[in-house]
Protein chains: 2
Amino acid sequence: MTCYPGFLCGCRCAASRAAALHSLLKYQTAAAASPLLAGLLVPGGLQRRLITCSRLSPAESLLPPLAAGFAPQRLLQQESSGSPGPGPSALGQQSSSGFALSRLDQRRGRSAGSEGLPCGGGFRPTRVVVVAKTTRYEFEQQRYRYAGLSEEDLKQLLALKGSNYGGLLERHYIHTKNVEHVVDSLRNEQIEVRLVKRREYDEDTVRWADAVISAGGDGTMLLAASKVFDRFKPVIGVNTDPERSEGHLCLPVRYTHSFPEALQKFYRGEFRWQWRQRIRIYLEGTGINPTPVDLHEQQLSQEQHSRAHVNGRFHDQRSEVSGPHLLPVRALNEVFIGESLSSRVNYKSCKPSFKFSLHRASYYEVSVDDGPWEKQKSSGLNVCTGTGSKAWSYNINKVATQAVEEILKIAKKHESLNLPLSRELIQKVTNEYNDSLLYSPEEPKMFFSIREPIANRVFSSSLQRGFFSKVCVRSRCWDACMVVDGGTSFEFNDGAIASILINTEDALLTVLLEE
Amino acid sequence: MTCYPGFLCGCRCAASRAAALHSLLKYQTAAAASPLLAGLLVPGGLQRRLITCSRLSPAESLLPPLAAGFAPQRLLQQESSGSPGPGPSALGQQSSSGFALSRLDQRRGRSAGSEGLPCGGGFRPTRVVVVAKTTRYEFEQQRYRYAGLSEEDLKQLLALKGSNYGGLLERHYIHTKNVEHVVDSLRNEQIEVRLVKRREYDEDTVRWADAVISAGGDGTMLLAASKVFDRFKPVIGVNTDPERSEGHLCLPVRYTHSFPEALQKFYRGEFRWQWRQRIRIYLEGTGINPTPVDLHEQQLSQEQHSRAHVNGRFHDQRSEVSGPHLLPVRALNEVFIGESLSSRVNYKSCKPSFKFSLHRASYYEVSVDDGPWEKQKSSGLNVCTGTGSKAWSYNINKVATQAVEEILKIAKKHESLNLPLSRELIQKVTNEYNDSLLYSPEEPKMFFSIREPIANRVFSSSLQRGFFSKVCVRSRCWDACMVVDGGTSFEFNDGAIASILINTEDALLTVLLEE
């Protein structure tokens, strides 16, 4: 596992460290004050690309208060006091984290990190919320019950799948066992724990906790992160089914079975803080509706949904909402824009869906880094963070060795090159190309890509992908939406304009543990 | 426009021509009897790849009777009689077409085609059904009415989009004008015409007509073709909005405004017949439901749909349906398989949709040309025809010049090649690679591709794309479906196995006119 220098531990001197803390309040200041820090914050010296988001809107009040104004000050206090910080409850500070940095203070000499040793501020939470994923077994249970089948029917129905039913239950038990292990480990340390499922996980629960632990895979981690706006409240992922789930965003799998060890490392500061940059979105123009739609909504019937939706939009347009509205979400992985019906598998759509809708691609205009607008037609577009560069965006953009081999063969033929097309070369080229699509979660830049671009007599586009600081999209769609981390959706129809960018104040605090 | 030799006009002699006609009854026989014909039928000499589908099932009776047993015989009669054939009504033949081949007979000497002159059997339909697309204006009208808004509300709502409302109406009028032109041209020739919209277009209407004309874009052509199972009933596409629609499957755009000219060419046989191969699907295993779901279904509410669906599946499984069932559809473009919820924009899903569902990719096992099964995880898979190779499949698989440039740069660096990376070379390589993804609609082979394949610690796959005669897919999905030409969907969940292949008896008869 590669470790990136964290804001709080990777700095070389007290001065730049103070600057680092300060930077948490005002990034630009810190970047100016400490070039080294700027380097740490923005690998590849991308300062010139950074955007300040001075635009504010009423919608911003939708966000829970950030601890920014409070935490760094408190961190410095704790540092000088040299004693473990009391839990936030004791301080009556609701939206802060129970960091104890004293050990970091003592270890500073050794924390230079130049020896590549792990280091960091000791971290001892007092109240933790554990967000557990819904297993497939639970999912099937609920959907069939929802469809009016009895538990007995469900058993028979799943039993017909033979071994798969067994597998289904097995995965469920493995997950459940691992969640219990995490919860027990926390309670053994006298840490207050709230174990919640998706529906019980809300802002109050987040406010109550010092730290959030997601127990599931990357999907659960995204869910857990989606409600955390306090950049000093760490979100930690535990992969509860390592055999089946990749868990890019989770702790190394060994801690799934030895979570107490992870806790001890948190206490001793034997870890690195990592701020994962997140994307924010401003929406403006006509036909916009800044109200998020939870993709996990289950109760709404087609007609209700459709009416609520259209009337909502109608109302908004009557009152000529123009924005810019800062949307009340932050994307940890990606923002995807596309026609709701452009998915040809959306056969359960709740909307009137005519043939041409099902076949309709997404039409929009794009401007990157304040450049000219360009017309696009495609199966959608994806704007991701460094974190998301390993996720969907990677699968959209990576090339197969098969394609690389054919491309090199063609080039070889055209230039009658003496190019030995060995397996090794093809693999090396493929890997290098695909690796170039990945970048650090801490870099405040975005990777933009058009999904399955359509170029024809009517449409043609030059821009297909690249790293940018700002992406603006003007919708020419008729039934489109903008989906954040696959979990929250916003209408995005003709007349609406989205400004997509990264503000370092939105970063999510996570931890890195060594394997 | 490239013209492919048609079954009825491209042959070099009476003998092979007779064989061609015979071949319409039994392809394999003809192929054996006439190597030349086999060449014509299977460019690239792919005979060895052809599959015989001897498997039949009750579901096959779902198909309208094919004219196979009748038409060729009749064509031969007409040929010898040398007189224009009477309309099928006169003959009381319901599922045939009103071909008149006499002119072809007289022209046979000149129809050698070796001079590259267009040729073909004269074609004079007596009853034509015109299938008109639903314009966006009509679509918006219906969806808002559906959502309980008045026409007045709709006007205000769309008016807010400013110029776009105007554009919307303009496109609607252009389409309507062009449809009228086609209908009038037909009636001026004393041809009986039925003008229908999606919902009035059914098997009876198809049976009534000698020929089907789709008035819209490629989507409308797919809809029109979806109900035609008589391989002697031509389906002809007219592009009613050439400025906005590509219309790969339609006549050259000039005939949109001069349809009478097209009719005269049909009469004189100045065109080529083209049989576009189509894909058939056999479904077997547990958890299958051979009942198609029309993606344009509007009335079903979430709960109804969900119940109908699940209970249907439950019932099927109870009665242990095992297949193989030949599904009652044929794919002109493609068959797509994927999780219903794998679209991250499906925020109007009618099903309980949990986070992990939204993030869930599709899991399945694939075997091509009866090879070993291979596990796959991806955003779905696409199996297309030569016709479909220019459609969605092309957008999934084509590479961007940008990618080709980077790949060549990397290779150049690794091999320290003296490779001048000129714009020309990069464009040439890109075009040649992308062109290799296209093939003739007449070739009885399929192009298979994995969409956004996911390779990780848990999953890895070697097979990503290629030309095959047979693709078998075993579902490991939990809420997946198989979508044919974006218009018809079938459940495709864990336990179900699909055999996807081409049978030349399913080919769709279309015409090729010169620009």
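Worth a mention:
- Given (1) in contact (Cβ under 8 Å) with a residue 12 or more places away in the chain; (2) open to solvent by 30 Å² or more (accessible area, probe 1.4 Å), index of the condition B:Arg423 fails: (1)
- Some residue of the range A:266-274 being touching a Ser or Thr at 6+ places or on another chain (Cβ under 7 Å) and farther than 30 Å from A:Phe492 by Cα: yes
- Some residue of the range A:399-408 being under 29 Å from A:Ile337 (Cβ atoms), under 27 Å from the mean Cα position of the chain (by Cα), at the interface with chain B (Cβ under 10 Å from one of its Cβ atoms) and open to solvent by less than 40 Å² (accessible area, probe 1.4 Å): yes
- Of the helices (runs of 4 or more DSSP H) contained entirely in the range B:154-273, those carrying at least 1 residues that are more than 14 Å from chain A (Cβ to nearest Cβ) fall at B:163-188, B:203-208, B:254-257, B:259-268.
- Applying the criterion of being open to solvent by less than 30 Å² (accessible area, probe 1.4 Å), in a strand (DSSP E or B) and within 11 Å of chain B (Cβ to nearest Cβ) to the residues of the range A:461-487, the residue that is modelled with the lowest pLDDT is A:Ala480.
- Restricting the range B:157-178 to residues that are open to solvent by 40 Å² or more (accessible area, probe 1.4 Å) and more than 18 Å from B:Gln141 (Cβ to Cβ) leaves a set whose member that is modelled with the lowest pLDDT is B:Ser163.
Residue by residue, here is whether (1) open to solvent by less than 10 Å² (accessible area, probe 1.4 Å); (2) modelled with pLDDT of 50 or more; (3) among the basic types (Lys, Arg) holds:
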position	(1), (2), (3)
A:Gly287	yes, yes, no
A:Leu295	yes, yes, no
A:Ser301	no, no, no
A:Glu320	no, yes, no
A:Asn333	no, yes, no
A:Gly338	yes, yes, no
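- Taking the conditions (1) open to solvent by 10 Å² or more (accessible area, probe 1.4 Å); (2) modelled with pLDDT under 95 in turn, A:His257 satisfies each one other than (2).
- Here B:Lys412 meets the list (1) modelled with pLDDT under 95; (2) within 24 Å of the chain's Cα centre (by Cα); (3) more than 9 Å from chain A (Cβ to nearest Cβ) almost entirely, failing just condition (2).
- Of all the numbered requirements in (1) surrounded by 21 or more Cβ atoms within 10 Å (Cβ to Cβ); (2) more than 11 Å from every other protein chain (Cβ to nearest Cβ); (3) over 26 Å from A:Glu443 (Cβ atoms), A:Val383 misses one, and that requirement is (3).
- Scoring B:Asn434 on the criteria (1) part of a helix (DSSP H, G or I); (2) within 9 Å of another protein chain (Cβ to nearest Cβ) leaves a single failure, condition (2).
Here's the yes/no breakdown for (1) of a type outside the set (Ser, Thr, Tyr); (2) surrounded by 18 or more Cβ atoms within 10 Å (Cβ to Cβ):
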| site | (1), (2) |
| --- | --- |
| B:Glu180 | yes, no |
| B:Leu195 | yes, no |
| B:Val206 | yes, yes |
| B:Ala215 | yes, yes |
| B:Thr220 | no, yes |
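- Residue list for the range B:176-216, filter: within 22 Å of the chain's Cα centre (by Cα) and among the charged types (D, E, K, R): B:Lys197, B:Arg198, B:Arg199, B:Glu200, B:Asp202, B:Glu203, B:Asp204, B:Arg207, B:Asp210
The values are calculated or read from the model by the stated rules, or taken from the named source; none is laboratory data. Model, not experiment: these values are computed from the prediction. Every residue, glycine as well, gets a Cβ built from its backbone with ideal geometry; the counts of neighbours run over all protein chains shown. Each accessible area value is taken on the protein alone, full model and side chains, heavy atoms only, with ligands, DNA and RNA left out. Shrake-Rupley method; radii C 1.70, N 1.55, O 1.52, S 1.80 Å.
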